[in-house]
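Colleague: There's a structure below that I have some questions on.
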Amino acid sequence: MRPRIPSLLLTLLTALTALLLSASPASAHTELDSSSPKAGARLAHTPATVRLTFSEPVELDDVHIEVAGRPLTLSRTGQGGDSVRVTVPGTTGQDRLTLTWQVLDMEDGHPTSGTLTFRLTAKPASAEGGGTDASGSPAQAAPQPSETVRRVWAAVRWLGYLALALYVGGLGFLAMLWPDGAQDRRTRRILTVSWTAGLTASLLAPGLQGAYGALGTLKDVFRPATYTGLLNTEVGVVAACRVLMWVLAAIVLAAVLQGGDRATRSPGWRVGALAVALGLLRTTSMTGHNSEGTHPGWGAVADLVHLLGVSLWLGGLTLLLLGVLPRRRPEELSAVIPGYSTLAAVSVTAIAAAGTVLTWQVVGSFGALLDTGYGRLLLLKLAVLALVLVIAHRSRGWVRTRLDIAVLLRGDRATVRPFVHSVAAETGLVLVVLAATSLLVTSAPGR
């Protein structure tokens, strides 16, 4: 017997509670662990060098340290990849040395920044109090990434997630439930537009991420140096692979446009579509927060399952709304809607299970879940998802009844219209879930 969704939600909520209680906090992004001399130390004079030790290995190109807006020279300390040595210019007559640091996370490119201040016992003769750095200028606040760039980046990520869901979910819907839909004009248009949007988002996202990490503006997004700098990192390599997967996805799409239902029924096309879909899903999940917790392998698998479930759910809903229902063909309604109901039930089960693992993996504690902006945004996403699941469960019996009537009346417009309204409402709520996901990916986890 198929498990009831409320019972499933209760089980998953219990599992999430147990995981959060047993999980130990972990650093989600690269942070400054310590320095030598220690921050706040009183020194007799300006140190020749300062050693900074981070929470995980860093690349020298990803670390930027300044004093009064001037970049300083960095080198390795020979004590592991997590430490760097900064050469400090000699100064005299100052009472304070302030270093501003900023580091990019090697996994997802998010910047972390802060300041280190040391008090010098040799005070200047004209000093009237603190507040100056080693050059005699007022102490500089830590630089912050552009909020405008972050918002545009979040919007592009949302577009990328939407395109991925429509393309991958649309291919799955055609292959498993509706091969004849490859001949439908609206379905072809959805797949074409989603491919175009996916490729565009995959080209823009690296530039936005590079500009955000380098504390730049929107103008920096289109500078070649932004892309070349990012391509030297793991994040850039994954972004390039994602662009390549979208290029390969064009071949799968072209086969549908040229071959129609003959292509979607072909085993060769299905194998190729599956390979491209898994490649798109994996390259999308590799730049998220899933690999930053205590069990990166679990996070990677859960993120892949999560994206696949959302894609099959949302892509299927869209083709059902814009492809199947407007045709009002009784044989299609009776064959596709029950099949999609089963597929959606499996998908939301996978989404809920994978979401439980990801919440434990990324957040790690109840304190971070309740007391940080990231945690509260995650709770909002989970609340909307739970609302969608409850609505879908309560409407299942109603849908079966209306489906019988619609088939008996040969697809009469009045009997099909309630399906359209129900599917449209569910699609809108899933889009809200995707919007929350894009904001989560471009935000720093609260740990």
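The values are calculated or read from the model by the stated rules, or taken from the named source; none is laboratory data. Just so it is clear, the structure is predicted and the values come from calculations on it, not from any experiment. In this analysis, Cβ positions are derived from the backbone assuming ideal geometry, glycine residues included, and neighbour counts consider all displayed protein chains.
Colleague: Can you tell me which of Ala201, Ala175, Ala163 is under 17 Å from Val235 (Cβ atoms) and in contact with a helix residue (DSSP H, G or I) (Cβ under 6 Å, 6 or more places away or on another chain)?
Modeller: On inspection, the qualifying residue turns out to be Ala201.
Colleague: Looking only at segment 176-185, count how many residues are touching a Leu at 6+ places or on another chain (Cβ under 8 Å) and in a helix (DSSP H, G or I).
Modeller: Number satisfying all stated conditions: 3.
Colleague: Also: With respect to Gln102, determine if the residue is at pLDDT below 75 and either in a loop (DSSP other than H, G, I, E, B) or within 30 Å of the chain's Cα centre (by Cα) (or both).
Modeller: no
Colleague: Mind counting the residues in segment 213-244 that are in a helix (DSSP H, G or I), touching a Ser or Thr at 6+ places or on another chain (Cβ under 8 Å) and modelled with pLDDT of 80 or more?
Modeller: Total meeting the criteria: 7.
Colleague: List the pairs whose first member sits in segment 185-211 and is within 30 Å of Ser146 (Cα to Cα), whose second member is among the basic types (Lys, Arg) and assigned to a helix (DSSP H, G or I), and whose Cβ atoms are under 6 Å apart, counting only residues at least 6 apart or on separate chains?
Modeller: Cβ pairs passing all conditions: Ser202/Arg242.
Colleague: Is one or more of the residues making up segment 79-86 out of contact with any Gly (no Cβ under 9 Å at 6 or more places or on another chain), of a type in the set (Gly, Ala, Ser), at pLDDT 60 or above and exposed (fewer than 14 other Cβ atoms within 10 Å of the Cβ)?
Modeller: Yes: one or more hits.
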